[in-house]
Amino acid sequence: MRRSLRARSRDFVLEWIPAGLELLVRLRFILIDNESMRLAPKGEVVDIWIVDLSVAEQTLQRAQTVLSEDELQRSRRFRFPVDCRRFVMARANLRRILASYLHVAAQTLVFDYSEYGKPTLSRPPSQMRFNVSRSGERALIACTQGREVGVDIEKERQDIEIDDLAKRFFSAPENAKLQAFPLPDRYQAFLRCWTCKEAFVKAVGRGLSLGLDKFDVSLGIGEPGSGGATSTEKFSVDGWSLTPIVSNTLEGYISAAAVEGAGIELRVRTPDEIPG
Ligand SMILES: CC(C)(COP(=O)(O)OP(=O)(O)OC[C@H]1O[C@@H](n2cnc3c(N)ncnc32)[C@H](O)[C@@H]1OP(=O)(O)O)[C@@H](O)C(=O)NCCC(=O)NCCS
């Protein structure tokens with residue numbers, strides 16, 4: 001018996017529309033997976049996120065909602081509101097970035113701290129490694145998988161006693177190299193050395209307690225030349241790769257990253273790349 005056109009249309013709707021919907025749902029998951037694969041650093045890649053901390057009050061208030069109770073308590077202990085804002089924005093961005101790599105809500109991340117204060121992620125369990133540095137209105141957040149990482153950023157300034165500090169904290173070859181720079185280029189050269197050293201002690205996790213004169217990063221200072229020297233070359237110290245970080249969004253700042261191992265590629269990113 002021939003079925004009516006109406007019955008056949010109804011069967012079509014009942015059979016094919018759910019199948020089509022299921023296909024769409026599957027396609028969406030495939031697209032989301034691809035998106036996160038693009039986002040998470042793999043292998044020798046280290047993501048360096050550059051965060052602008054100068055935000056409006058409304059953005060600051062939104063950022064506070066993802067912080068844990070102990071982070072909020074810490075933020076309230078800052079004497080000046082500007083320091084509170086910078087801490088909150090750096091933490092909130094760290095949470096957003098890690099959460100998008102790991103497909104969890106930013107509020108659910110739980111941090112743990114080493115005896116020297118280096119934060120690590122304790123929940124959810126993962127291979128993610130990260131490090132944060134702040135100076136002025138910028139934060140750097142370095143993220144990678146399965147290898148330790150450290151970063152340091154410093155706002156350029158000329159009101160520091162660089163020669164005294166260098167004598168106190170730098171190795172003999174670093175001091176010799178620094179003195180080859182005429183003033184005012186020596187200020188930038190000093191900060192290139194300082195940021196490489198801090199990135200290194202932060203990657204190792206010991207902070208300043210490691211002793212800044214116990215290792216040598218004179219290669220990171222660059223060479224004196226007309227208009228000052230810039231070194232963007234990576235080099236290695238005791239099995240760690242050191243790389244000065246250069247980006248036009250970091251004008252007026254000097255920064256470096258240290259990563260465990262060799263053959264490292266740094267990928268500079270900004271939070272507007274985070275999906276959602
Ligand atoms: C880590 C250290 C070098 C930071 O230097 P800094 O120039 O003042 O600050 P930066 O902005 O570059 O870095 C601060 C970030 O480094 C991270 N950090 C803290 N301690 C760290 C450590 N031991 N190793 C690596 N990273 C560390 C934190 O994420 C911190 O961010 P937060 O303040 O938002 O939590 C310095 O504070 C230090 O040496 N700390 C060790 C102190 C210590 O030995 N404590 C022992 C127990 S009392």
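Here are the numbers:
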{"quantity": "Debye intensity ratio in log₁₀ form over the Cα atoms of the range 46-268, taken at each q of 0.14 Å⁻¹", "calculated": "-0.88"}
{"quantity": "Rounded D (µm²/s) - the range 129-231, Kirkwood Rh over Cα pairs, Stokes-Einstein at 20 °C, 1.002 mPa s", "calculated": "151 µm²/s"}
{"quantity": "Placed amide H near Ile245: partners under 5 Å, 5+ positions off or other chain", "calculated": "Ser255, Ala256, Ala257"}
{"quantity": "The range 72-129: mean projected area of Cα convex hull, nm²", "calculated": "4.4 nm²"}
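Computed from the coordinates by the stated procedures, all read-outs in this text should not be read as laboratory data. Fair warning: this is a prediction, and the values are worked out from it, not measured in the lab.
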